[in-house]
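Presented below is the structure to which this report refers.
The values are calculated or read from the model by the stated rules, or taken from the named source; none is laboratory data. Note that the coordinates shown come from a computational prediction; the quantities given were computed from them, not determined experimentally. Here the Cβ positions follow ideal geometry from the backbone for every residue, glycine too, while neighbour counts run over all protein chains shown. Please note that ligands, DNA and RNA were not included when accessible areas were found on the heavy atoms of the full protein model with its side chains. Shrake-Rupley method; radii C 1.70, N 1.55, O 1.52, S 1.80 Å.
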Amino acid sequence: MRRSLFILTLFAAVLATGCSSTDYNPTTYDYFISQEDIQQKPIKKVILATVNVSGEPTRSVLRDSVDKVDGMIKDYLEANGISLAPTHLFNNAWQQALLTYGNFYDPTTGKVDREGWQKVMATTLQSLQGQKDIDAVIFTDLIEHDVQHSPSMKHYARWYGISREPATEGASSSVSTEFNWSQIIKGASLAITIYSTEGKPLFSSRGGIDTLHSIDSRKSDKGFVRRKKILSRSSNIEEGIELAFHPLITMKNYPGKKPPENTPEAEGNQASQ
């Protein structure tokens with residue numbers, strides 16, 4: 001009897017550990033959320049912007065993934081009770097603002113005229129105020145930036161809440177012990193920015209998605225190459241979306257630190273569960 005009780009207790013402990021533990025990742029983004037504004041006017045219906053909040057176009061390597069990511073974002077929002085207004089409403093308002101103030105992005109220099117951007121943005125949001133049922137505008141920037149694999153045992157690259165193993169191409173997944181892990185490569189992340197139609201910043205955060213480089217075992221050199229299939233794993237995109245929207249939409253196994261109790265962030269988190 002004692003032996004049976006011991007085994008049951010041990011089994012329950014293993015189950016509890018396996019079900020409740022979430023690996024802490026110190027790279028989670030330091031999000032901003034205006035809990036007071038959101039509590040006063042809950043976000044129930046949104047419109048997805050078809051441009052980047054940075055004012056810059058999406059990098060060419062990621063452009064083919066924009067529609068896929070935005071489609072998954074729409075599904076995620078709707079699954080969490082947030083409806084979406086037709087995107088043509090944003091497009092019409094944005095194009096009209098551009099006709100009034102001109103294009104603020106110079107493709108020859110890659111620079112954004114910040115004053116021009118502010119005028120176009122303000123005018124677009126003002127136009128959308130006519131749509132009384134739209135609570136917020138969501139910008140979904142798919143961004144490219146530097147990342148690095150660790151020289152440690154599993155060589156994880158960690159950023160914005162995720163951990164990614166090195167991607168390999170070719171018949172073999174083994175990597176030479178002489179491989180140079182200190183190389184800087186590119187990673188892709190999702191940057192979410194939310195404004196009210198009155199221009200108030202409501203939320204901003206980021207979630208990592210995946211690396212854009214891999215190791216080709218068919219080549220003799222010890223360097224990375226651009227991956228042939230960019231952002232092909234839907235599970236990685238889903239993780240990035242969940243990270244980027246937390247705590248506006250609570251991520252079930254959020255890898256970052258929980259906010260202290262009795263703070264607006266903690267109360268908002270509990271209310272959404």
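Points worth noting:
- Complete set of residues in segment 205-230 that are aliphatic (A, V, I, L, M) and surrounded by 21 or more Cβ atoms within 10 Å (Cβ to Cβ): I209, L212, I215
- Residues (open to solvent by 30 Å² or more (accessible area, probe 1.4 Å) and assigned to a loop (DSSP other than H, G, I, E, B)) located in segment 231-240: S232, R233
- Residues of segment 63-98 classified as open to solvent by less than 50 Å² (accessible area, probe 1.4 Å) and either in a helix (DSSP H, G or I) or touching a Cys at 6+ places or on another chain (Cβ under 6 Å) (or both), total: 16
- Answer from L190, L202 - the residue that is surrounded by 18 or more Cβ atoms within 10 Å (Cβ to Cβ), hydrophobic (A, V, I, L, M, F, W, C) and in contact with an Asp or Glu (Cβ under 7 Å, 6 or more places away or on another chain): L202
- Residues (open to solvent by 80 Å² or more (accessible area, probe 1.4 Å), in contact with a strand residue (DSSP E or B) (Cβ under 8 Å, 6 or more places away or on another chain) and over 20 Å from I209 (Cβ atoms)) located in segment 25-59: F32, K44
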